[in-house]
1. Could you check region 231-269 and list, in sequence order, the residues that are loosely packed, with under 13 Cβ neighbours inside 10 Å and at pLDDT 80 or above?
2. Does any residue of region 101-120 turn out to be modelled with pLDDT under 90, assigned to a helix (DSSP H, G or I) and surrounded by 14 or more Cβ atoms within 10 Å (Cβ to Cβ)?
3. Being open to solvent by less than 10 Å² (accessible area, probe 1.4 Å) and in a helix (DSSP H, G or I) is the filter here; which residues of region 50-62 pass it?
4. For region 138-187, which residues satisfy the criterion of being without any contact (Cβ under 8 Å) to a residue 40 or more places away in the chain, among the polar types (S, T, N, Q) and closer than 17 Å to T116 by Cβ?
5. Restricting the search to region 202-230, which residues are in a loop (DSSP other than H, G, I, E, B) and open to solvent by 40 Å² or more (accessible area, probe 1.4 Å)?
6. Give me the pairs, please: first residue somewhere in region 14-27 and touching a residue at least 12 places away in the same chain (Cβ under 8 Å), second residue anywhere and of a type in the set (D, E) and open to solvent by 10 Å² or more (accessible area, probe 1.4 Å), beta-carbon distance under 6 Å, and either six or more positions apart or on two chains.
7. For residues that are of a type outside the set (D, E) and outside any helix (DSSP H, G or I), scanning just region 135-184, find the one that is modelled with the highest pLDDT.
8. Spot the failing condition for Y17; the list is (1) modelled with pLDDT of 80 or more; (2) farther than 30 Å from D129 by Cα; (3) in contact with a Ser or Thr (Cβ under 6 Å, 6 or more places away or on another chain), and only one is missed.
Amino acid sequence: MFGIQALDVVISLIFIYLLFSLFVSVVNEILSQFFQVRGKELRFSIERMIGYALRKQFYQHPKINRTQYRSSIFYGTPLWKLYAWIREKISSNIDFGSKDIDKKITNKASPSNISTGTFADTLIDLIQDEAARKELFKQAPFLEKIYQKAEGDVEALREAIENWFDEIMVYTSEWYKQKLRYILLVLGFLTAAAFNVDSVSIFKTLANNPETRGQVVQQAEGFIDSHNLEDGIVVPVTVGDSAASSDTLYSNYAIRDFLESRYEACGGSEQCRKSVNEDYPTLARIDSTYMEVNRLVHEDIEQLSTVLGIGWGSWNGATGWLDWIVRVLGWLVTAIAISLGAPFWFDLLKRVINLKNEITKEKGTTTKTKTE
């Protein structure tokens with residue numbers, strides 16, 4: 001049964017990396033939204049394409065500028081009036097009673113995504129201005145040839161611009177993914193240190209303690225049964241109108257209480273719940289992220305920590321510099337594993353669990369045949 005024991009150790013390690021990868025991915029998403037990482041990368045790429053001067057005009061164009069607005073997180077909640085009153089007192093530029101939308105907007109964000117068609121249409125509008133056209137052709141000389149060749153054919157020009165944009169976005173996407181790997185590596189190391197997830201120590205515990213190993217494997221199998229991989233994202237399997245996990249942990253959270261009051265008024269209508277989420281998109285996103293982090297920390301990670309003794313509470317302290325070196329190396333291994341991403345570990349976990357089930361089934365069949 002050595003092979004099964006080794007698989008159990010592998011399953012346990014994969015599951016640990018999966019949980020902390022999920023945690024880091026949520027943290028990264030929060031930071032990305034807060035610092036507008038995607039929007040800034042897109043803006044940089046467009047500036048490289050058309051130059052700084054035109055990039056400013058481009059983002060001021062009505063087709064682009066309208067996508068920059070986002071509501072305050074307080075919008076639609078009982079705190080909105082208080083927030084509006086405070087903002088009006090500290091800023092003379094804000095007038096919440098005005099009919100001018102620009103005087104009401106308090107949060108502007110660079111769009112994190114611009115469609116190919118919108119980019120082409122906006123650029124074609126800019127080309128109509130002679131000064132902008134000269135600046136564009138100076139930044140992208142090949143477009144001047146295309147413009148002249150088109151001889152007023154707007155569709156031919158639009159197609160050329162769309163192809164150019166698509167090609168640049170491929171490179172932008174690849175660079176963003178590369179940058180994301182570095183970000184995940186740093187966040188992974190910080191998470192490993194914060195939770196004291198030392199891969200070296202965990203491996204020793206799993207290899208030498210069959211009972212602990214069995215509990216982690218059981219938790220991993222339950223996690224696989226209650227989650228799916230949809231569009232590259234690990235999500236809980238839904239049962240009826242709610243996720244498989246309980247929401248009782250979050251009953252004291254203000255935004256959750258507010259949304260729940262709206263959901264209760266729906267009388268169980270799924271369409272009504274969707275309408276509430278559409279009315280309060282920022283609140284719904286914050287609530288969803290908060291609940292996801294709480295489920296991970298207070299359910300899955302907490303259960304795992306109890307079984308494995310992960311964390312600083314169970315640590316008796318390093319006895320010397322060599323212990324610290326080994327521990328930091330363990331964190332680094334964890335960080336590298338986390339940086340591979342939750343979808344990778346989820347898919348691998350399913351494969352290894354299926355492999356173990358097949359081997360167990362074959363051993364059982366072989367044993368039965370010999371007995372007969």
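The values are calculated or read from the model by the stated rules, or taken from the named source; none is laboratory data. Just so it is clear, the structure is predicted and the values come from calculations on it, not from any experiment. So basically every Cβ, Gly included, is an ideal-geometry build from the backbone, and we count neighbours across all protein chains shown. Surface accessibility is based on the protein's heavy atoms, side chains included, excluding ligands, DNA and RNA. Shrake-Rupley method; radii C 1.70, N 1.55, O 1.52, S 1.80 Å.
1. The answer is E264, A265.
2. Within region 101-120, the subset modelled with pLDDT under 90 is 101-113.
Okay, now just the ones that are also assigned to a helix (DSSP H, G or I), so 101-104.
Add one more test, that the residue is surrounded by 14 or more Cβ atoms within 10 Å (Cβ to Cβ), and what stays is 104.
Yes, some residue in region 101-120 is modelled with pLDDT under 90, assigned to a helix (DSSP H, G or I) and surrounded by 14 or more Cβ atoms within 10 Å (Cβ to Cβ).
3. Within region 50-62, I50, L54, F58 qualify.
4. The answer is N163, S173.
5. Within region 202-230, N209 is the sole residue that qualifies.
6. Correct list of pairs: L19/D300; V26/E292.
7. Per the stated criteria, the residue is A140.
8. Answer for Y17: the failing condition is (3).
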